[in-house]
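Asks: So that we are looking at the same thing, I have put the structure below in structure tokens.
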């Protein structure tokens, strides 16, 4: 069984060492993308172009490796978002020989003469693009995007504009390592969408000035109510908030949460700390409470919380599918809110409903059962100490019912 040599081309043939060239010269089969194989067009070897599902290439290589010496050509560095990483999933590592080279990211930063040890690296290829939230970049100082055909500079600029993030200088580097290499800086990101760019390209963002610290004090689950701006006590109390967050089970850092009837935004804000790569939609129909939510978001620098002043389910079709839903308000529309939430929740998602009304408890249980959510109920009774002239007494808060349900594969009601 011959080992497979996976050779990183770097930014072009000039980056290949004598050892690399000898391995390529002595191989029987050369595998690579069209532009990689064109570099060795004059070399009389069997050539296999990588196109279509990668599994097809893997199957061909597995059939040939027992009798043929195979070289796979990779862009940049094979193990940096490259085919080397893919092959480690299909072949035993003892059958692979990886030859590293200059990565596209290191070449890009070298071209603009900037250090990149502190850069956040983001790949926008295929599936990754759908799950990435640009709001997460608010706290970053230096970012580099590995772009794709459908997620190039124009797409990046439009997402930054959508989030109101204008505090970056943007550099687009086209066809790195080729004679057509071009580097363009943009201070005005609105101009990027009006231009076309050569493939492949890389986009670097560098923030103007210094980054402000995210929060000037420690954060934790169930923070004191006084840390939040709220009107007339309209806030999920800290003790209830802690338990509610535990019931939401935000176990993945990219979960999407709908906070319906957000009030002061306290649940959504504390949840946002647990889902730094996810998204929180704070939905509140009362205009007067939006100011409180926005104030609290800015105070805690929650870049992944988006505020929506709508009466749910208005505008629901435009929201990302939620993994978790918290319903802290709803009033007379609670039944409709639960119906729509059950229908939109992702498979295996969780709904948590807080209420102090007996009628709403009955509505929540009835609807969740209809949608096969197998609801569970916890009643929380909190009493807080209050000073008196000669000691302390306990003062009770309103008891709260916390109703929790998990979505099964069958989303339709009975």
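Asks: With the requirement that a residue be more than 30 Å from residue 13 (Cβ to Cβ), without any contact (Cβ under 8 Å) to a residue 40 or more places away in the chain and part of a loop (DSSP other than H, G, I, E, B), what does segment 164-196 give you?
Replies: Answer for segment 164-196, where residues must be more than 30 Å from residue 13 (Cβ to Cβ), without any contact (Cβ under 8 Å) to a residue 40 or more places away in the chain and part of a loop (DSSP other than H, G, I, E, B): 164, 165, 166, 187, 188.
Asks: Of all residues in segment 228-273, which are surrounded by fewer than 23 Cβ atoms within 10 Å (Cβ to Cβ), part of a loop (DSSP other than H, G, I, E, B) and either assigned by TED's automatic domain parsing to the domain that holds residue 133 or in contact with a strand residue (DSSP E or B) (Cβ under 9 Å, 6 or more places away or on another chain) (or both)?
Replies: 237, 249, 250, 254, 255
Asks: Would you say residue 36 is buried (at least 18 other Cβ atoms within 10 Å of the Cβ), touching a helix residue (DSSP H, G or I) at 6+ places or on another chain (Cβ under 9 Å) and at pLDDT below 95? Write out each step before concluding.
Replies: On the way: buried (at least 18 other Cβ atoms within 10 Å of the Cβ): yes; touching a helix residue (DSSP H, G or I) at 6+ places or on another chain (Cβ under 9 Å): no; at pLDDT below 95: yes.
Judged against the criteria, residue 36 is not a match.
Asks: Kindly establish whether residue 413 is modelled with pLDDT under 90 and over 31 Å from the mean Cα position of the chain (by Cα). First the steps, then the outcome.
Replies: On the way: modelled with pLDDT under 90: yes; over 31 Å from the mean Cα position of the chain (by Cα): yes.
Yes.
Asks: Give the residue, chosen from 98, 102, that is touching a helix residue (DSSP H, G or I) at 6+ places or on another chain (Cβ under 7 Å), within 30 Å of residue 206 (Cβ to Cβ) and in contact (Cβ under 8 Å) with a residue 60 or more places away in the chain. Step through it out loud before you land on a result.
Replies: Working: 98 fails: within 30 Å of residue 206 (Cβ to Cβ).
On inspection, the qualifying residue turns out to be 102.
Asks: Right, something else. Only residues that are under 18 Å from residue 315 (Cβ atoms) and in contact (Cβ under 8 Å) with a residue 60 or more places away in the chain: list them for segment 245-302, please.
Replies: 256, 257, 258, 259, 260, 261, 262, 279
Asks: Looking at segment 62-75, which of the residues that are surrounded by 20 or more Cβ atoms within 10 Å (Cβ to Cβ) and at pLDDT 90 or above is nearest to residue 206 (Cα to Cα)? Can you show your working first?
Replies: Kept after step one, since they are surrounded by 20 or more Cβ atoms within 10 Å (Cβ to Cβ), are these residues of segment 62-75: 70-75.
Cutting the leftovers down to at pLDDT 90 or above gives us 70-74.
Values: 70: 41, 71: 38, 72: 35, 73: 32, 74: 28 Å.
Among those that are surrounded by 20 or more Cβ atoms within 10 Å (Cβ to Cβ) and at pLDDT 90 or above, it is 74.
Asks: Buried (at least 17 other Cβ atoms within 10 Å of the Cβ) and either touching a residue at least 12 places away in the same chain (Cβ under 8 Å) or closer than 18 Å to residue 146 by Cβ (or both), is that true of residue 54?
Replies: On the way: buried (at least 17 other Cβ atoms within 10 Å of the Cβ): no; either touching a residue at least 12 places away in the same chain (Cβ under 8 Å) or closer than 18 Å to residue 146 by Cβ (or both): yes.
So residue 54 fails the test.
Table: residues versus (1) surrounded by fewer than 19 Cβ atoms within 10 Å (Cβ to Cβ); (2) under 29 Å from residue 29 (Cα atoms).
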{"site": "78", "(1), (2)": "no, yes"}
{"site": "85", "(1), (2)": "yes, yes"}
{"site": "97", "(1), (2)": "yes, yes"}
{"site": "109", "(1), (2)": "no, no"}
{"site": "138", "(1), (2)": "yes, no"}
{"site": "141", "(1), (2)": "yes, no"}
{"site": "150", "(1), (2)": "yes, no"}
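Asks: Being loosely packed, with under 13 Cβ neighbours inside 10 Å and in contact with a strand residue (DSSP E or B) (Cβ under 8 Å, 6 or more places away or on another chain) is the filter; apply it to segment 168-194 and report the residue that is nearest to residue 116 (Cα to Cα). If you could, list the steps in order and put the result at the bottom.
Replies: The first filter runs over segment 168-194 and keeps only residues loosely packed, with under 13 Cβ neighbours inside 10 Å, leaving 179-180, 185, 187-188, 190-191, 194.
Going one step further and asking which of them are in contact with a strand residue (DSSP E or B) (Cβ under 8 Å, 6 or more places away or on another chain), we end up with 180, 185, 187.
Working: 180: 24, 185: 17, 187: 20 Å.
Once the filter is applied, the top-ranked residue is 185.
Asks: Go through segment 13-51 and report how many residues are within 32 Å of the chain's Cα centre (by Cα) and in contact (Cβ under 8 Å) with a residue 24 or more places away in the chain. Don't jump to the end; show me each part of the working.
Replies: As a first pass, look at segment 13-51 and keep what is within 32 Å of the chain's Cα centre (by Cα): 32-36, 50-51.
This time we only want the ones that are in contact (Cβ under 8 Å) with a residue 24 or more places away in the chain, so: 32-33, 36, 50.
Matching residues across segment 13-51 total 4.
Asks: Looking at (1) modelled with pLDDT of 95 or more; (2) in contact with a strand residue (DSSP E or B) (Cβ under 9 Å, 6 or more places away or on another chain), can you tell me which one residue 279 breaks?
Replies: (1)
Asks: Go through (1) at pLDDT below 90; (2) touching a strand residue (DSSP E or B) at 6+ places or on another chain (Cβ under 8 Å) for residue 1 and report which single condition fails.
Replies: All conditions pass for residue 1, except number (2).
Asks: So residue 366 passes all but one of these: (1) closer than 20 Å to residue 239 by Cβ; (2) out of contact with any strand residue (DSSP E or B) (no Cβ under 9 Å at 6 or more places or on another chain). Which condition number does it fail?
Replies: For residue 366, the failing item is (1).
Asks: Only one of these is out of contact with any strand residue (DSSP E or B) (no Cβ under 9 Å at 6 or more places or on another chain) and within 25 Å of residue 148 (Cβ to Cβ): 62, 89. Name it. Can you show your working first?
Replies: Working: 62 fails: within 25 Å of residue 148 (Cβ to Cβ).
Criteria check complete, one pass: 89.
Asks: OK, next. I'd like the residue in segment 310-330 that is surrounded by fewer than 18 Cβ atoms within 10 Å (Cβ to Cβ) and free of Cβ contacts under 8 Å to residues at least 60 places away in the same chain and, out of all such residues, is nearest to residue 277 (Cα to Cα). Outline the logic, then answer.
Replies: Start the filter on segment 310-330 by keeping residues that are surrounded by fewer than 18 Cβ atoms within 10 Å (Cβ to Cβ), which leaves 310-311, 314-315, 317-318, 320-321.
Imposing the further condition that a residue be free of Cβ contacts under 8 Å to residues at least 60 places away in the same chain reduces the set to 310-311, 314-315, 317-318.
Values: 310: 24, 311: 26, 314: 26, 315: 23, 317: 22, 318: 19 Å.
Result: 318.
Asks: Just to be sure before I move on: is residue 155 assigned to a helix (DSSP H, G or I), surrounded by 15 or more Cβ atoms within 10 Å (Cβ to Cβ) and outside the structural domain of residue 297 (by TED's automatic domain parsing) in the structure I sent? Don't jump to the end; show me each part of the working.
Replies: Numbers: assigned to a helix (DSSP H, G or I): yes; surrounded by 15 or more Cβ atoms within 10 Å (Cβ to Cβ): yes; outside the structural domain of residue 297 (by TED's automatic domain parsing): yes.
Taking the combined requirement at face value, the residue satisfies it.
The values are calculated or read from the model by the stated rules, or taken from the named source; none is laboratory data. As the structure is a computational prediction, the values presented were derived from the model and not from experiment. So basically every Cβ, Gly included, is an ideal-geometry build from the backbone, and we count neighbours across all protein chains shown.
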